[in-house]
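S.K.: Can you keep this structure in mind? I'll have questions shortly.
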Amino acid sequence: MNDLAKGLKGRDFISLKDFTTEEIFYLLDLAAELKAKLKRGEPHPILAGKTLGMIFTKRSTRTRVSFEVGMYQLGGYPLFLTKDDLQLGRGETIADTARVLSRYLDGIMIRTYSHQEVEELAAHATIPVINGLTDFLHPTQALADIMTIREWKGELKGLNLIFIGDGNNVAHSLMYGGARVGLNVTIACPSGYEPLPQVVEEARRIAAYNGCQIAVTNNVREAVEGADILYTDVWASMGQEAEAEKRRQAFQKYQLNSELLKRAKPDAMVMHCLPAHRGEEITDEVIDGPQSAVFDEAENRLHAHKAILAALM
């Protein structure tokens, strides 16, 4: 086990800003290695005898299936838990839950609304805690995204990624992750839907060390000129249903369609973290077109998550 691997063992995975550039590339390389083993049909029971508790207070397709299947392929046991399955649903504190689960499990993955809940769980657990998504960050998605970009482009440093839409949890994690690996990341969003200023400032500080840039603009047509990657997400996330119509009006000019795609580089790749609201933030001809990496990106959730599990647990 090298020094990078030793440094990752037992760590929490809360935000990509918590990891060095070298550590992120180690995870990317491990994900690629585990993907290759799976494609060759080679068993890789790295986590035989280990158990992962998976806490969900937010519904999921890709996060649940990728972590559950990934843990199985690594030889371990995934335990699916909703908030109602735990005493959390009856008022037990997060701290007490963390202490108890640490005595049963080897790791916890949690997908929830409140980022504070994840931080509190990690503060009191004595086993690795993985942030499967909060309203603030989605770091496991961003790691899979970066893996996909490297597969498609062969490199990362100096590429221009334009995120089109809401300055949300995915945008935050792409800024942190992009800054670490040398991607130029621009968030193109309507006025009033910008990413949080403190995230932009932190990402810019990280980017300065890695020779890349973080930008925010309201001019989407200008932003996509010469882009290497166009990335979008739903306009109204889970929990924002009451704002859906207002958001549809605000985001009308931010649809990723063939006209917008033509403004990017001819070999630009298209990304979406899914689920997609086809006909809203992205059109069928783009998501199903030859420049779409969307389903490679979805598949890589499995491989990236396995790398996180293997490294931490």
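S.K.: Counting only residues that are out of contact with any helix residue (DSSP H, G or I) (no Cβ under 9 Å at 6 or more places or on another chain) and of a type in the set (A, V, I, L, M), how many does the range 266-312 have?
M.R.: Count: 0.
S.K.: Enumerate the pairs (first residue in the range 20-38 and assigned by TED's automatic domain parsing to the domain that holds Ser66; second residue anywhere and of a type in the set (Phe, Trp, Tyr) and buried (at least 21 other Cβ atoms within 10 Å of the Cβ)) with beta-carbon separation below 8 Å, excluding pairs fewer than 6 apart on the same chain, so at least 6 apart or on different chains.
M.R.: Leu27/Phe19
S.K.: Just to be sure I understand the filter: pairs with C-beta atoms under 9 Å, separated by 6 or more residues or on different chains, first member in the range 186-197 and in the same structural domain as Ala171 (by TED's automatic domain parsing) and free of Cβ contacts under 8 Å to residues at least 60 places away in the same chain, second member surrounded by 22 or more Cβ atoms within 10 Å (Cβ to Cβ) and among the polar types (S, T, N, Q). Which pairs pass?
M.R.: Close Cβ pairs (under 9 Å, with a partner that is surrounded by 22 or more Cβ atoms within 10 Å (Cβ to Cβ) and among the polar types (S, T, N, Q)) amount to Thr186/Asn160; Tyr193/Asn168; Pro195/Asn168.
S.K.: Counting only residues that are in a loop (DSSP other than H, G, I, E, B) and of a type in the set (Asp, Glu), how many does the range 181-203 have?
M.R.: Matching residues across the range 181-203 total 1.
S.K.: What number of residues in the range 236-259 are of a type in the set (A, V, I, L, M) and either buried (at least 19 other Cβ atoms within 10 Å of the Cβ) or outside the structural domain of Val185 (by TED's automatic domain parsing) (or both)?
M.R.: The number of residues fulfilling the criteria is 2.
S.K.: Filter the range 217-235 for residues that are in a loop (DSSP other than H, G, I, E, B), in contact (Cβ under 8 Å) with a residue 60 or more places away in the chain and either more than 18 Å from Ala142 (Cβ to Cβ) or not assigned by TED's automatic domain parsing to the domain that holds Ile162 (or both) and give the result.
M.R.: Val224, Gly226, Trp235 - these are the residues of the range 217-235 that are in a loop (DSSP other than H, G, I, E, B), in contact (Cβ under 8 Å) with a residue 60 or more places away in the chain and either more than 18 Å from Ala142 (Cβ to Cβ) or not assigned by TED's automatic domain parsing to the domain that holds Ile162 (or both).
S.K.: Return a yes/no flag: does the range 156-170 have any residue that is more than 20 Å from Val224 (Cβ to Cβ) and among the small types (Gly, Ala, Ser).
M.R.: no
S.K.: Only one residue in Val185, Val170, Val200 is closer than 17 Å to His138 by Cβ, at pLDDT 95 or above, of a type in the set (A, V, I, L, M, F, W, C) and touching a Cys at 6+ places or on another chain (Cβ under 6 Å), so which one is that?
M.R.: Val170
S.K.: Another one. Determine, yes or no, whether Glu285 is in contact (Cβ under 8 Å) with a residue 12 or more places away in the chain, among the acidic types (Asp, Glu) and not in a helix (DSSP H, G or I).
M.R.: No.
S.K.: Among the residues of the range 32-44, are any surrounded by 19 or more Cβ atoms within 10 Å (Cβ to Cβ) and either within 28 Å of Asn168 (Cα to Cα) or of a type in the set (Phe, Trp, Tyr) (or both)?
M.R.: Among the residues of the range 32-44, not one is surrounded by 19 or more Cβ atoms within 10 Å (Cβ to Cβ) and either within 28 Å of Asn168 (Cα to Cα) or of a type in the set (Phe, Trp, Tyr) (or both), which makes the answer no.
The values are calculated or read from the model by the stated rules, or taken from the named source; none is laboratory data. Please read these numbers as outputs of a predicted model, since none were measured by experiment. Neighbour counts run over all protein chains shown; Cβ positions are idealised from the backbone, glycine included.
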